[in-house]
Amino acid sequence: QVRMVESGGGLVQAGGSLRLSCVASGSIFQINDMAWYRQAPGNQRELVAGITTGGRTNYADSVKGRFTISRDNAKKTMYLQMNILKPEDTAVYYCHAKIRRNWALLEDDYWGQGTQVTVSS
């Protein structure tokens, strides 16, 4: 069994910062691509930022220059540093990873339960 647990969400004023963390645990052989998604009420879930095992990153245009994704492979942890937050960043943030549970299996998709980020104006 694999678990993905996010933390670090909360309420912050516009212009402020938050740092999200996502820890993977359980029966894990290999963690491949990881990513942060978000979903605001009434909207579809959207990709915020992604990072490969080797550290290559990509960002949604709306967060470029403000958010930074990183990972610590030894700790099976991914981070999202969010700066200059705006009210439109308000959403539930989900971590996602493609994980192989053992050498014989292909990767599967795993999601965290989500953490709420609220940015007040």
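The values are calculated or read from the model by the stated rules, or taken from the named source; none is laboratory data. What you see is a predicted model, and the numbers here were worked out from it, not measured in a lab. Virtual Cβ from ideal backbone geometry, glycine too; neighbours counted across all protein chains shown. Heads up: the accessible areas ignore ligands, DNA and RNA and are worked out on the full protein's heavy atoms, side chains in. Shrake-Rupley method; radii C 1.70, N 1.55, O 1.52, S 1.80 Å.
Based on what the data block shows, is residue 61 farther than 16 Å from residue 37 by Cβ, out of contact with any strand residue (DSSP E or B) (no Cβ under 6 Å at 6 or more places or on another chain) and modelled with pLDDT of 95 or more?
Spelling it out, it is not the case that residue 61 is farther than 16 Å from residue 37 by Cβ, out of contact with any strand residue (DSSP E or B) (no Cβ under 6 Å at 6 or more places or on another chain) and modelled with pLDDT of 95 or more.
Which residue pairs have Cβ atoms closer than 8 Å, lie 6 or more positions apart in sequence or on different chains, and pair a first residue in region 21-42 that is at positive phi with a second residue that is surrounded by fewer than 17 Cβ atoms within 10 Å (Cβ to Cβ)?
So the pair list comes out as 26/1; 26/2; 26/3.
I want to confirm something. Restricting to region 87-115 and keeping residues that are within 12 Å of the chain's Cα centre (by Cα) and open to solvent by 60 Å² or more (accessible area, probe 1.4 Å), which single residue is nearest to residue 7 (Cα to Cα)?
113
Could we say that residue 84 is under 30 Å from residue 106 (Cβ atoms) and either open to solvent by less than 40 Å² (accessible area, probe 1.4 Å) or in a loop (DSSP other than H, G, I, E, B) (or both) here?
It is false that residue 84 is under 30 Å from residue 106 (Cβ atoms) and either open to solvent by less than 40 Å² (accessible area, probe 1.4 Å) or in a loop (DSSP other than H, G, I, E, B) (or both).
For a quick check of your reading of the model, give me the residue pairs whose first member lies in region 60-78 and is free of Cβ contacts under 8 Å to residues at least 40 places away in the same chain, whose second is assigned to a helix (DSSP H, G or I), with beta-carbon atoms closer than 8 Å and at least 6 apart or on different chains.
Cβ pairs passing all conditions: 62/88; 63/89.
Looking for something over 14 Å from residue 18 (Cβ atoms), touching a strand residue (DSSP E or B) at 6+ places or on another chain (Cβ under 9 Å) and among the small types (Gly, Ala, Ser) - is there at least one such residue anywhere in region 65-76?
There is at least one residue in region 65-76 that is over 14 Å from residue 18 (Cβ atoms), touching a strand residue (DSSP E or B) at 6+ places or on another chain (Cβ under 9 Å) and among the small types (Gly, Ala, Ser).
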